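Taking it in order: structure first as structure tokens, then the write-up.
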Amino acid sequence: MKTVNVAVIGAGWFGDVHSECFLRAQSMLQGVKIKLHTVVDIYEPAAIKCKEKYGFEYYTTDWHEVIDNPEIDLVDVCTDNKFHREMSIAAIEKGKHVFCEKPLADTVKDAVDMTEAAEKAGITNMVDFHYRKIPALAQLHDLIQAGELGRIYHIKGMFLQDFGFDSPMTWRFKKALSGGGSIVTMGSHVIDAVRYLVGEIDEVCSTGKTFIEKRTDPNTGKEDSCDVDDAMTVLLKFKNGAIGMLMTSWLCHGCRHHHELEVYGEKGSAKFNSERLNELELWLDDPKSPLNGKKTVLIGRDNPYGDLFNLKTGMGVGVKESITIQMRDMVEGIVSGKAQTPSFYDGMMAVKVTSAIIKAADTHTWVKVPE
């Protein structure tokens, strides 16, 4: 039996969830064992807590130790955005496979460098766009690919939350540390989702706004300036002729974690809402039926990934299940040598779109997405 030794860098929320999902992915694999080898965090109590909670063999406060350790097969980068490039490329240069939290990087150059390094080395690489693995969204993708909605005319995507009202100053509100605001934190997910469903984005036009211009630094007690968008609204032109719109904001009362997608085509339409994670709202054109109309499709055992959890339709899966599927795919890619998605390439394209959106908001013009 092949063993894949995993190192998780960053024992915060992302690292905690990823560690759990690596363990859960084991039941979906045969002929391979996932071993939680080392967890890393500069804050030692966090590393110790994660080690004990999930059964890591070791912990350390120095991420270089796992890069230099020949026993490590897979490095999972769960740190702040600004560290993604350095850690990922260091791991790639040592021949290690890399799973990276989104966004892949905070600049286009870094994202390109990471993607080129991964492709040149031939390592298995994935970025955490786990919404692709949610059965309902995967089913919508399959419907579109099968032509059930016909030619896609337009798409609307939203990712809205409310944590920005009372959040203190953190790295998320500094462009030099995050790369952008809501369009990066939540927008990277919705950008990947519309690419996944409709195809490559050609051109964007956008407007953004910083509503809360100062936040209190919890370490100093002093106010500090914010320089990222609290909200962004975007118009899209796709290479295949479709058009679309996006909206992201962390200042939406009543939206705890609202990711919504509406797709409209020549033969039908569909709607996905993350707050009703196991449903699709579907309308398929049938002019002969007097009862034609929108219907709610309950996603379950017979839909994509439905056989992995041994659940009856109606019981439902959650977001952690989508991350678990990603971890399974990552390990399967390492064992088989087959490329997996969403890959660093997908992460790079999302960064290119995000960068174009921010530029469009700054210049008040349409901006081409770099090839």
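So which pairs qualify, if the first residue must be in the stretch 282-302 and within 19 Å of ILE134 (Cβ to Cβ) and outside any loop (DSSP other than H, G, I, E, B), the second must be among the basic types (Lys, Arg) and at pLDDT 90 or above, the Cβ gap must be under 6 Å, and the two must be at least 6 apart or on different chains?
Matching pairs, first to second residue: LEU282/LYS295.
Please find, among THR60, THR79, THR38, the residue that is farther than 15 Å from ASP128 by Cβ and touching a Phe, Trp or Tyr at 6+ places or on another chain (Cβ under 9 Å).
Checking each option against the conditions leaves just THR38.
Which members of the stretch 329-345 meet the condition of being of a type outside the set (Val, Ile, Thr) and closer than 17 Å to LYS96 by Cα?
ASP329, MET330, GLU332, GLY333, SER336, GLY337, LYS338, ALA339, GLN340, SER343, PHE344
Can you tell me which of (1) touching a residue at least 24 places away in the same chain (Cβ under 8 Å); (2) within 17 Å of MET126 (Cα to Cα); (3) not small (Gly, Ala, Ser) is the one GLU86 doesn't meet?
So the condition that GLU86 fails would be (1).
Tell me yes or no: at least one residue of the stretch 168-184 is hydroxyl-bearing (Ser, Thr, Tyr), at negative phi and part of a loop (DSSP other than H, G, I, E, B).
yes
Considering the stretch 267-294 alone, what residues qualify as being farther than 22 Å from SER322 by Cα and either surrounded by 12 or more Cβ atoms within 10 Å (Cβ to Cβ) or hydroxyl-bearing (Ser, Thr, Tyr) (or both)?
Residues satisfying the conditions are LYS267, GLY268, SER269, TRP283, LEU284, ASP285, ASP286, SER289, ASN292, LYS294.
Need the failing condition index for LYS312 against (1) in contact (Cβ under 8 Å) with a residue 24 or more places away in the chain; (2) in contact with a Lys or Arg (Cβ under 7 Å, 6 or more places away or on another chain), just the number.
The one condition LYS312 does not meet is (1).
Take the residues in the stretch 204-242 that are β-branched (Val, Ile, Thr) and over 22 Å from the mean Cα position of the chain (by Cα), then tell me which one is farthest from GLU266 (Cα to Cα).
Filtering first and then ranking leaves THR220.
Exactly one condition in (1) surrounded by fewer than 21 Cβ atoms within 10 Å (Cβ to Cβ); (2) assigned by TED's automatic domain parsing to the domain that holds ILE191 is false for SER343; which is it?
That leaves (2) as the condition not met.
Could you tell me how many of the residues in the stretch 98-146 are assigned by TED's automatic domain parsing to the domain that holds HIS257, touching a residue at least 12 places away in the same chain (Cβ under 8 Å) and over 18 Å from the mean Cα position of the chain (by Cα)?
Matching residues across the stretch 98-146 total 3.
May I ask you to list the residues in the stretch 314-328 that are in contact with a strand residue (DSSP E or B) (Cβ under 7 Å, 6 or more places away or on another chain) and assigned to a loop (DSSP other than H, G, I, E, B)?
GLY314
Filter the stretch 200-230 for residues that are in a loop (DSSP other than H, G, I, E, B) and hydrophobic (A, V, I, L, M, F, W, C) and give the result.
PHE211, ILE212, CYS226, VAL228
State the number of residues belonging to the stretch 148-166 that are part of a loop (DSSP other than H, G, I, E, B) and touching a residue at least 60 places away in the same chain (Cβ under 8 Å).
Number of matching residues: 6.
Among the listed residues VAL351, VAL331, which satisfies the condition of being part of a helix (DSSP H, G or I) and either within 17 Å of LEU104 (Cα to Cα) or not assigned by TED's automatic domain parsing to the domain that holds GLY268 (or both)?
Going through VAL351, VAL331 in turn, the sole match is VAL351.
The values are calculated or read from the model by the stated rules, or taken from the named source; none is laboratory data. This one's a predicted model, so the numbers in the text were calculated from it and none came from an experiment. Using ideal geometry, Cβ is built from the backbone for each residue, glycine included, and neighbour counts are taken over all protein chains shown.
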